[in-house]
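Written out below as structure tokens is the structure these notes cover.
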Amino acid sequence: MNIFRLTADLMHLASIFILLLKIQKTRSCAGISFKSQLLYALVFITRYIDLFFYWVSLYNTLMKIFFIGSSLYIVYLMQVKFRATNDPVLDTFRIEYLLAPCALLALVANYAFTAQEILWAFSVYLEAGAILPQLFMLQRRGEAETITTHYLFALGAYRGLYLLNWIYRYWAEGYVDWIAWIAGLVQTGLYTDFFYIYYTKVLKGQKFELPA
Amino acid sequence: DDTRAAHDEL
């Protein structure tokens, strides 16, 4: 464990708490893509299935339980409790165009042709693109509540910090993980526009609005 | 095994 990875994981945790806070405080999931949240639940389930037969540490196990549990809870909040505030009209990204290529890629680019490794690779590829429905929805709305932008910032910063962690681990331990690295680079890259607007608007006290 | 040991991250 190094400072980049710990900070990254804490940012990831923070992003989920911010999202829960947004939904509970405003009693609404307006502006949040249900499709992205559904994909994250799928990412966590397929990656952390090893929870039952692969022990890393107590930290690792507790985080896995938290991520699976909270993602399912968010899906429940959006689909059941606050369903009326969910806006499927703006949530139009075709997730099959994401799921199918990720499944294919996982079958050909993995560390071992076993169910567990294929699911792991699938989860890493899917995580890289899981934010796309959310960014697509943001684009269609043209604006976002400030708390939603804090959620997206924390979520984007998490994978960005993992990039620093990987550089550090390569240097310190000779650690190499090409699948996670390339997917992580793509994932962080998707946030570039968002980060720019977050930095130039939200951090200066303005509303998050996309240029016309 | 070695392959699995690579997945110590979240």
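One table, with the values for the structure above:
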quantity: Residue A:128 being over 16 Å from residue A:22 (Cβ atoms) and either over 11 Å from the mean Cα position of the chain (by Cα) or of a type in the set (Lys, Arg) (or both); calculated: no
quantity: Close pairs (9 angstrom Cβ cut-off, 6 or more residues apart or separate chains): in contact (Cβ under 8 Å) with a residue 24 or more places away in the chain and within 11 Å of chain B (Cβ to nearest Cβ) in the stretch A:57-83, among the aromatic types (Phe, Trp, Tyr) and in a helix (DSSP H, G or I) anywhere; calculated: A:63/A:48; A:67/A:40; A:67/A:44; A:67/A:48
quantity: Candidates A:161, A:107, A:185, filtered to the one that is buried (at least 18 other Cβ atoms within 10 Å of the Cβ) and either in a helix (DSSP H, G or I) or within 14 Å of another protein chain (Cβ to nearest Cβ) (or both); calculated: A:161
quantity: Where a residue in the stretch A:159-170 is closer than 20 Å to residue A:16 by Cα and its partner, wherever it lies, is aromatic (Phe, Trp, Tyr), with Cβ under 7 Å and at least six apart; calculated: A:161/A:4
quantity: Filter result (buried (at least 22 other Cβ atoms within 10 Å of the Cβ) and closer than 22 Å to residue A:203 by Cβ) within the stretch A:126-136; calculated: A:131, A:134
quantity: Every residue from the stretch A:9-56 that is aromatic (Phe, Trp, Tyr), surrounded by 14 or more Cβ atoms within 10 Å (Cβ to Cβ) and either within 14 Å of another protein chain (Cβ to nearest Cβ) or touching a Phe, Trp or Tyr at 6+ places or on another chain (Cβ under 7 Å) (or both); calculated: A:40, A:44, A:48, A:54
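For (1) touching a Lys or Arg at 6+ places or on another chain (Cβ under 6 Å); (2) within 14 Å of chain B (Cβ to nearest Cβ); (3) polar (S, T, N, Q); (4) in contact (Cβ under 8 Å) with a residue 24 or more places away in the chain, each residue gets a yes or a no:
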position	(1), (2), (3), (4)
A:85	no, no, yes, yes
A:119	no, yes, no, yes
A:127	no, yes, no, yes
A:131	no, no, no, yes
A:140	no, no, no, yes
A:143	no, no, no, yes
A:155	no, yes, no, yes
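Here, each number is a calculation from the coordinates, and none is a lab measurement. These figures come from a predicted structure and were not determined experimentally. Cβ atoms come from the backbone with ideal geometry, glycine included; neighbour counts cover every protein chain shown.
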